[in-house]
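One structure is given below, encoded as structure tokens.
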Amino acid sequence: MSFKDDLMQDLNDSFFNEDEFGEFVTLTRGGASYQMKGLFDTPGVSNESVGEVSVIAHAPRLFVRSSDLPDSKPRKGDVFTLGSTPFHRAMKLSAIDFVFEKDGTVVYSLEESK
């Protein structure tokens with residue numbers, strides 16, 4: 001195995017391991033609830049500026065395995081509930097869009113539910 005292969009294997013086994021770095025989220029769809037692991041990317045700061053430069057905010061994102069979704073299919077309107085962590089407060093988020101990656105990962109774009 002090459003150095004690059006060894007390095008990538010080490011990163012995949014630890015840093016990119018959802019089981020180590022993910023958090024439990026609950027998907028609610030059609031009245032049913034499904035618990036799964038996901039990686040949540042918290043939203044940036046909005047309506048702020050640093051000097052004369054405005055801070056760019058992004059929509060929160062959630063990365064999940066498609067195999068964890070009901071019928072392995074993502075849907076717009078899926079609602080995810082996240083518990084409080086040291087990095088974010090508890091919240092409920094709705095999927096406004098998603099990208100189904102070739103590796104089986106689904107990246108949801110989210111907005112806070114009311």
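Bear in mind that the values in this text are calculations on the coordinates, not laboratory data. Nothing here was measured: the structure is a model prediction, and the numbers come from that model.
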Amide H of Asp78 versus every other amide H placed in the peptide plane: which residues, excluding those fewer than 5 positions away on the same chain, fall under 5 Å?
Ala95
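Any chance you could run the full-extension gain for Thr28 through Ser2? It's 0.36 nm times the residue separation minus the Cα-Cα distance, nm to one decimal. Mind showing how you got there, number by number?
Numbers: separation 26, 0.36 × 26 = 9.36 nm, distance 4.39 nm.
My answer for the length gained is 5.0 nm.
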